[in-house]
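Working notes, structure below.
The values are calculated or read from the model by the stated rules, or taken from the named source; none is laboratory data. Remember, predicted model here, so these are calculated numbers, not experimental data. Using ideal geometry, Cβ is built from the backbone for each residue, glycine included, and neighbour counts are taken over all protein chains shown.
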Amino acid sequence: MLNLVLFGAPGSGKGTQSKKLIEKYGLIHLSTGDLLRGEIAEGTELGLEAKKLMDEGKLVPDEVVIGMISHKLDANKDAKGFIFDGFPRTVAQAEELDELLKSKNSEISVMIALEVNDIELEHRLLLRGKDSGRADDANPEVIRKRIKEYNEKTAPVADFYKNQDKLNSINGIGPEDEIFAVICGIIKKY
Ligand code: B4P
């Protein structure tokens, strides 16, 4: 079973590379951002709560996203592996994910971190905001808040996996296909 954590700041290319990885490896894609946007689209209570936080560039509470991931793991018992995209985003989420996988006799195989500087992140997200319809991409202040949240709460997650010898940091700037080739090279080793 291959369980991959695709890690990086907002706009670093996680969603973009995930799409290519699903096609090539047939893994189940678990994007907490997509799951939350699904809840918002359906107008659920959870979605309404999450929308307010997401529109402000803040993280959604750990227990909410952990609950969603747990549910998806249970619903995909026969999967040959998962891509975790945008999750875990806090050390508490990373600890909980380890516990969840352990209870299923599984574990994270590898973490790949896409390194992109803040100026490029802001540029990419503003560009996407022009036609994505995402409120969190449209406003430079919200984008900066998301990057700040990432630096304060999410960046420490890299150390969590480094301590487990699972962290692989790669350059996330350049043509998408070249970045994808580097990711595939790392996956081959597992
Ligand atoms: P997410 O949906 O995870 O979105 P994201 O971090 O903004 O980036 P994404 O992965 O989609 O974009 P990508 O880099 O591929 O999160 C949204 C919000 O949901 C969060 O702010 C938070 O509120 C909430 N949330 C989600 N998960 C959570 C969790 N676990 N805990 C708490 N809250 C959570 O691409 C960005 C742009 O860059 C695209 O336009 C793309 O085309 C472009 N791009 C990609 N690669 C490129 C390259 N190599 N060169 C040039 N451009 C590139």
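No other residue among G57, G67, G33, G47 is modelled with pLDDT of 95 or more and not in a helix (DSSP H, G or I) apart from G57. Restricting attention to segment 40-66, the residues that are away from the ligand (no atom under 11 Å from the Cβ) and not acidic (D, E) total 6. When segment 165-177 is filtered for residues that are away from the ligand (no atom under 11 Å from the Cβ) and either surrounded by fewer than 14 Cβ atoms within 10 Å (Cβ to Cβ) or modelled with pLDDT under 95 (or both), only D165 remains. Checking L6 against (1) closer than 23 Å to E120 by Cα; (2) buried (at least 17 other Cβ atoms within 10 Å of the Cβ); (3) free of Cβ contacts under 8 Å to residues at least 60 places away in the same chain, only one condition comes out false. Which one? For L6, the failing item is (3). Filtering segment 19-30 to residues that are surrounded by 16 or more Cβ atoms within 10 Å (Cβ to Cβ) and outside any helix (DSSP H, G or I) leaves L27, I28, H29, L30.
Scanning segment 107-133 for residues that are in a loop (DSSP other than H, G, I, E, B) and surrounded by fewer than 16 Cβ atoms within 10 Å (Cβ to Cβ), we see that the one that is modelled with the lowest pLDDT is G133. In the set (1) touching a residue at least 12 places away in the same chain (Cβ under 8 Å); (2) assigned to a helix (DSSP H, G or I); (3) surrounded by fewer than 15 Cβ atoms within 10 Å (Cβ to Cβ), K104 fails one condition alone, (2). Scanning segment 178-188 for residues that are in contact (Cβ under 8 Å) with a residue 60 or more places away in the chain and either of a type in the set (G, A, S) or surrounded by fewer than 17 Cβ atoms within 10 Å (Cβ to Cβ) (or both) returns C184, I186.
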